[in-house]
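Following this message is one structure expressed as structure tokens.
No lab work stands behind these numbers, since they all come straight from the coordinates. Just so it is clear, the structure is predicted and the values come from calculations on it, not from any experiment. Cβ sites come from the backbone with ideal geometry, for glycine too, and all protein chains shown count toward neighbours.
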Amino acid sequence: MSLQIILNLVIAIMWMFLGESYTFDKFLTGYIIGALLLFMLRRFIPDAFYLQRVWKMIKLVLLFIKELLISNIDIVRWVYKPHKDYKPGIFALPTELKSNWEITMLTSLISLTPGTLSVAVSNNNDVIYIHAMDIDNNEIAIEAIKTTFEKAIMEVTR
């Protein structure tokens with residue numbers, strides 16, 4: 001991926017030099033042309049096209065923002081609820097993530113989302129223990145995290 005980024009930047013700079021105009025517009029035009037060239041020649045480059053991974057990173061950030069907004073609204077509802085009937089609990093989330101970076105990303109996203117907190121990670125990195133402020137069913141919470149954050153992290157890293 002880093003080779004593709006460097007090639008794209010080199011193509012953009014060469015485009016500026018060939019046009020003898022050193023403006024941002026020329027650089028952007030060269031960058032787009034370089035991205036198109038890399039896309040057309042992607043079968044000769046060993047990695048996947050790098051802009052696909054960039055798009056997946058953007059989707060992960062947007063997913064986090066969406067989950068953050070939804071959980072903030074839920075927290076406001078719980079705080080102003082007249083009858084406080086919370087069901088806090090700790091549940092074990094089995095994870096398919098393997099690397100320390102992936103697990104750190106998942107636990108950070110969980111902890112940054114209001115209402116949940118990553119408590120611990122097992123020694124073999126297979127299970128993450130999570131405290132939830134209000135949890136009715138462990139299986140629903142596990143499935144929600146697996147289909148959102150864990151899936152998006154695997155798309156970015158693999």
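Find, among the GluC sites (Glu not before Pro) in the stretch 49-158, those assigned to loop by DSSP (not H, G, I, E, B) with at most 12 other beta-carbon atoms within 10 angstrom.
Those satisfying the criteria are GLU96.
Which aspartates and glutamates does LYS81 reach when only Cα atoms under 19 Å apart count, and residues fewer than 8 places away in its own chain are ignored?
Within the straight-line limit of under 19 Å, LYS81 reaches these aspartates and glutamates: ASP134, ASP136.
In deg cm²/dmol and to the nearest 500, what is the mean residue ellipticity at 222 nm of the chain if only DSSP H runs of at least 4 residues count, each as -39500 (n - 2.57), divided by the residue total?
Calculated mean residue ellipticity at 222 nm is -19500 deg cm²/dmol.
Give me the net charge of VAL156's neighbourhood, meaning all other residues with Cβ under 15 Å from the Cβ of VAL156; Lys, Arg count +1, Asp, Glu -1.
Result for the neighbourhood of VAL156: +1.
Count neighbours as other Cβ atoms within 10 Å of each site's Cβ, and list the chymotrypsin sites (Phe, Trp or Tyr not before Pro) in the stretch 69-112 that are DSSP loop with at most 14 such neighbours.
Hits after loop and neighbour filter: TYR80, TYR86.
Separate question: For the stretch 101-154, rounded, prolate or oblate, judged on the Cα gyration tensor with a ≥ b ≥ c (square roots of eigenvalues), a/c < 1.5 rounded, else prolate if a/b > b/c?
rounded
Starting from the Cα of ASN138, step 7 Å along the direction of its Cβ; do the same at SER111; then give the gap between the two resulting points in nm.
With each label point 7 Å from Cα toward Cβ, the separation is 2.3 nm.
Using a 7 Å offset from the Cα along the Cα-to-Cβ direction at both LEU41 and ASP85, what is the distance between the two label points in nm, to one decimal?
Modelled inter-label distance: 6.6 nm.
Sticking with this structure for a sec: Just want to confirm a number: the relative contact order over the stretch 2-44, from Cα pairs under 8 angstrom separated by 6+ residues, in percent.
42 percent
Do any trypsin sites (Lys or Arg not before Pro) in the stretch 40-103 lie in a DSSP loop with no more than 12 other beta carbon atoms within 10 Å, and if so, which?
Of the trypsin sites (Lys or Arg not before Pro), the ones in loops of the stretch 40-103 whose Cβ has at most 12 other Cβ atoms within 10 Å are LYS84.
Using 20 Å as the Cα-Cα cut-off, could you pick out the over-long pairs in LYS59/LYS146; LYS87/LYS151; LYS59/LYS87; LYS98/LYS151; LYS98/LYS146; LYS66/LYS146?
Pairs exceeding the cut-off: LYS87/LYS151; LYS59/LYS87.
Considering the values (i) 8.3; (ii) 9.4; (iii) 12.5, which represents mean projected area of the Cα convex hull in nm² as calculated for the structure under consideration?
So the calculated entry is the one marked (iii).
Continuing with this model, one more query. Under a plain spin-label model, where a point goes 7 Å from the Cα along Cα-to-Cβ, how far apart in nm are MET1 and LYS66?
Rounded to a tenth, the inter-label distance reads 2.1 nm.
If you stretched the chain out fully between ASP25 and THR157, how much longer would it get, using 0.36 nm times the residue separation minus the C-alpha to C-alpha distance?
44.3 nm
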